[in-house]
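First comes the structure, then the notes that go with it.
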Amino acid sequence: MKLFISADIEGCTGTTLSEETHKSEACYRAFADRMTEEVRAVCVAALEAGADEIVVKDGHGDATNIDIMRMPAGVRLIRGKSGHPFNMMFGLDETFDGVLYVGYHSAAGSPESPLSHTSTGNTNYVLLNGRRMSEFMLNSYTAAMLGVPVLFLSGDQGICREAQEMIPAITTVSTKSGCGASTINEAPETVIQMLKEKTKEALAKDFMTCKIELPVSFDYEASYKDLKKAYRMSFYPGVEKADERTNRLHAQNYMDILVAHSFLVY
């Protein structure tokens, strides 16, 4: 059993303020440690459930948050930003049996978390085929493009709900809920226990029940906070300017969406 884990920090228990996710801030280290421990718990449980190979992609910021010294034997960690459009899914290919997400968060424009965003903080929202696009949606369609099922997600209550709507058979762990600028968090020990239990539960299921199909075409829309950025990005090939803050793009191929997104929101 070969598994791919994509990890973020904003959906880990405790993380509430933007500065807690930035390396330049003194408070960051404690939350990077939390991210490491939650990833480690999922890896340990997966190995105990029979995984032969696990690849972890650090998906937050500059992608050097997870402490490799605390990863168990049998796990490979991808650190740093390759520049590939797969971004948080870099390293995934058709040879994997399943994908798991750790520490994921609600999409830009969602009220479910004070840290809601999609890839960067540059947009008010991103829509894909009329639905608010989270990193979960973006990355799950990447997995679908490669034929790999998405088995598990941990993160805030809002992203857990979205995951269950999009992939009804997925197993989720809610680490927190959001209300305005606050979060209501589960205790770290409770989260670790849930992560271990639910990872094993996810890996005991028929993986094919978590496999989804790609839409036949894609309508992408990004609303920008910065008018200057909206204007500049309106010159990306194929983009149509909807208004002074909003750009749109239509594509038949999902890889075209991934490439465009990697430019348009950064």
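The values are calculated or read from the model by the stated rules, or taken from the named source; none is laboratory data. From a predicted model like this one, the values you see are computed outputs, not experimental measurements. Note that each Cβ is placed from the backbone with ideal geometry, even for glycine, and that neighbours are counted across all protein chains shown. For accessibility, only protein heavy atoms count, side chains too; no ligands or nucleic acids. Shrake-Rupley method; radii C 1.70, N 1.55, O 1.52, S 1.80 Å.
Expressed as a whole percentage, what fraction of the accessible surface of the chain belongs to carbon and sulfur atoms when a 1.4 Å probe is rolled over the protein heavy atoms? Mind showing how you got there, number by number?
On the way: 5750 of 11060 Å².
Carbon and sulfur together cover 52 percent of it.
Tell me the Rg and the Dmax, in Å, that the Cα atoms of the stretch 164-266 produce.
In order Rg, Dmax, the Cα atoms of the stretch 164-266 give 19.4, 50 Å.
Using the Cα gyration tensor of the stretch 170-216, with a ≥ b ≥ c the square roots of its eigenvalues, what is the shape: rounded (a/c below 1.5), prolate (a/b larger than b/c) or oblate (neither)? Walk me through the numbers before you get to the answer.
Working: a/c = 6.06, a/b = 1.44, b/c = 4.21.
Because a/c hits 1.5 or more and a/b fails to exceed b/c, the stretch 170-216 counts as oblate.
Reachable aspartates and glutamates from Lys23, Cα under 20 Å, same-chain residues fewer than 8 places away excluded?
Hits, sequence-local ones excluded: Asp8, Glu10, Asp33, Glu37, Glu38, Asp58, Asp62, Asp67.
What aspartates and glutamates does Lys229 reach when the alpha-carbon gap must be under 17 Å and sequence neighbours fewer than 8 apart in one chain are set aside?
Within reach: Glu221, Glu240, Asp243, Glu244.
Quick check on the stretch 1-149: take the gyration tensor over C-alpha atoms, sort the square-rooted eigenvalues as a ≥ b ≥ c, and tell me if it's rounded (a/c under 1.5), prolate or oblate.
oblate
Per residue of the stretch 41-55, in order, report the coupling 6.51 cos²θ - 1.76 cosθ + 1.60 (Karplus, θ = phi - 60°) as ³J(HN,Hα) in whole Hz, putting x for Gly and Pro.
4, 5, 4, 4, 5, 5, 5, 5, 7, x, 5, 8, 8, 10, 10
How large is the convex hull of the C-alpha atoms of the chain per residue, in Å³? Let's see the in-between values first.
Numbers: hull volume 30.8 nm³, N = 266.
Convex hull of Cα atoms, per residue: 116 Å³.
List the lysines whose Cα sits under 17 Å from the Cα of Lys2, skipping any in the same chain fewer than 8 residues away.
Hits, sequence-local ones excluded: Lys57, Lys200, Lys205, Lys211.
How many Å³ per residue does the convex hull of the Cα positions in the stretch 12-78 occupy?
77 Å³
What value, in deg cm²/dmol to 500, does the helix sum -39500 (n - 2.57) over DSSP H runs of n ≥ 4 give at 222 nm once divided by the residues of the chain?
Values: 6 runs with 76 residues, N = 266.
When only DSSP H runs of four or more count, the value is -9000 deg cm²/dmol.
Could you derive backbone 3J(HN,Hα) for the stretch 64-69 from the dihedral phi with the Karplus parameters 6.51, -1.76 and 1.60 (θ = phi - 60°), listing whole Hz in sequence and x where the residue is Gly or Pro?
Couplings: 10, 9, 6, 7, 5, 5 Hz.
Find out how many positive minus negative residues lie around Gly130, taking Lys and Arg as positive, Asp and Glu as negative, among other residues whose Cβ is under 12 Å from that of Gly130.
Numbers: positive: Arg131, Arg132, Arg248; negative: Asp219, Glu221.
Overall, the nearby charge balance is +1.
May I ask for the equivalent-ellipsoid semi-axes of the stretch 73-230, computed as the square root of five times each C-alpha gyration tensor eigenvalue and listed largest first in whole Å?
In descending order, the three semi-axes are 24, 21, 15 Å.
Rolling a 1.4 angstrom probe over the protein heavy atoms, how many square angstrom per residue are accessible across the stretch 1-113? Could the numbers behind the result be given before it?
Working: 4120 Å² over 113 residues.
Ligands and nucleic acids excluded, the figure is 36 Å² per residue.
Along the stretch 3-16, what does the Karplus equation 6.51 cos²θ - 1.76 cosθ + 1.60 (θ = phi - 60°) give for ³J(HN,Hα), rounded to whole Hz, x for Gly and Pro?
Going residue by residue, I get 10, 10, 10, 10, 10, 10, 9, 5, x, 6, 4, x, 4, 9 Hz, with x marking Gly and Pro.
Amide H neighbours of Asp67 under 5 Å, counting only residues 5+ apart in sequence or on other chains, H built in-plane at 1.01 Å?
Thr36
Please calculate the 1.4 Å probe accessible area of Lys23, with all protein chains present, and give it to the nearest 10 Å².
Accessible surface of Lys23 is approximately 100 Å².
Looking at the chain as a GNM with Cα springs under 10 Å, which of Tyr254, Tyr231, Tyr101 has the largest mean-square fluctuation?
In this elastic network of the chain, the residue with the biggest mean-square fluctuation among Tyr254, Tyr231, Tyr101 is Tyr231.
Leaving ligands, DNA and RNA out of it, work out the accessible area of Ser110 with a 1.4 Å probe and give it in Å² to the nearest 10.
The accessible area comes out at roughly 20 Å².
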